[in-house]
Amino acid sequence: MKPVGRGFVIWLMAVAVCTVQPALAKKQAAAKKPATAASDERLHVSGARALTYVKDVVAFGMRPPGSPGQAKQQAYLRSKLKADNLEEDKFKAKTPVGEVEMTNFIAKYPGTTNDIIVISSHYDTLPSVKNFVGANDGGSSTALLLELANQLREHKRTGPAVWLVWFDGEEAFKTWTADDSTYGSRHLAAKWQQDGTLKRIKAFILADMIGDADLNVDHDGNSTPWLSDLVYKAASNLSRKSYFYAKDAPVEDDHIPFAKAGVPVVDLIDFTYGYNNVFWHTPEDTPDKLSANSLQIVGDVILETVRLLSTGQETQSKK
Ligand SMILES: [Zn+2]
């Protein structure tokens, strides 16, 4: 065995210092990065907390536009969203029962680009059925958006801004027609077309009737195919595919005015509420039919869809 010379040992030490130092510096820099800033961070909702919000709004009773229950719910939304950049979009709607004052609520969470992802729900309930409290129809998605607000408030994101919209006046006063329904979304789509906001909307996601304990989100035929596909990819990423798209059904809902204006839209709706939809638009639409798990699944899939849209992964599903 031949011992290595002294000069070689010094050279070896120099090489070691030169290669180890930059690696160490890199590691330290990585550790300093804030944990909340990553655009690809996967966020989750609390389904249990969303379910408590459903019970809170149901306790206000019937909540059609202009009702005392609706006024209480509006005060509740203001209190839950007081830390946010909340906008109230007031307007007068011509309805079969005369002119009715309505208010859309909009909460805005900044991103780093000029684009906007809209996540929406209606918060009014059906006026025409006595004792209808809309736990699932109106309540579930209203509550889920409040829980999404909690997540968006706490986690700074890169990519498009996210705007949460609670529409008023989705339900018909008499019978569902194009003129007697979706008052809030028709008003806001027209307003945003005029002021140029509509052009900035990269995706419009609507949730409606998503709290049913027996969750089966329909594949809506009026939604934009690439955005529907992206939601399915999000569900697949979270191993939640079996809750999505077993049934094809074209649905008329608050996404239609935005679809007509050329915005990519998707409606997440489970339109089988009880066997043969027996609980839909009846006084039996109460919180005991819902589950925290269903709210969790839809909330998490929406946030995963937002993540895919924010990291440029929607391009693969656009054909
Ligand atoms: Zn309804």
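At a probe radius of 1.4 angstrom, the accessible area of the chain per residue rounds to 47 square angstrom.
For the chain, averaging the sequence separation of C-alpha pairs within contact (under 8 Å, six or more residues apart) and dividing by the residue count gives a relative contact order of 22 percent.
Order these peptides, 90-101, 45-56, by their mean beta-carbon neighbour count within 10 angstrom, highest first.
45-56, 90-101
Each residue was assigned an accessible area with a 1.4 Å probe, and for His219 the value is about 60 Å².
State the percentage of accessible surface on the chain attributable to carbon and sulfur atoms; use a 1.4 Å probe and exclude ligands, DNA and RNA.
Working: 8360 of 14850 Å².
Here it works out to 56 percent.
Kirkwood radius for the stretch 268-319, taken over all pairs of different Cα atoms as the inverse mean of 1/r, rounds to 13.5 Å. Sorted from greatest to least, the principal axis extents spanned by the alpha carbons of the stretch 174-297 come out as 42, 41, 23 Å.
State the extension gain, in nm to one decimal, for the chain segment bounded by Trp226 and Lys72, taking 0.36 nm per residue of separation less the distance between their alpha-carbons.
Roughly 51.6 nm would be gained on extension.
Placing +1 on the Cβ of every Lys and Arg and -1 on the Cβ of every Asp and Glu, with nothing else charged, gives the chain a dipole about its Cα centre of roughly 2140 debye.
Note on surface exposure: Glu314, Glu87, Glu154 rank Glu154, Glu87, Glu314 by accessible area, highest first, 1.4 Å probe. Its residue count N fixes a reference of 2.2 N^0.38 Å for the stretch 165-223, and the Cα radius of gyration divided by that reference is 1.34.
The modelled label-to-label distance between Leu238 and Asn216, using points 7 Å beyond Cα along the C-beta direction, is 2.1 nm. With only Cα atoms counted, the chain has Rg and Dmax values of 24.1, 103 Å.
Provide the percentage of antiparallel DSSP beta bridges, counting only those with both residues in the chain; round to the nearest 5. Before the final figure, lay out each step's value.
Values: 17 of 36 bridges.
Of the beta bridges lying entirely in the chain, close to 45 percent run antiparallel.
The values are calculated or read from the model by the stated rules, or taken from the named source; none is laboratory data. As the structure is a prediction and not an experimental result, all values here were calculated from the model. Positions of Cβ are backbone-derived with ideal geometry, glycine not excepted, and every protein chain shown enters the neighbour counts. For accessibility, only protein heavy atoms count, side chains too; no ligands or nucleic acids. Shrake-Rupley method; radii C 1.70, N 1.55, O 1.52, S 1.80 Å.
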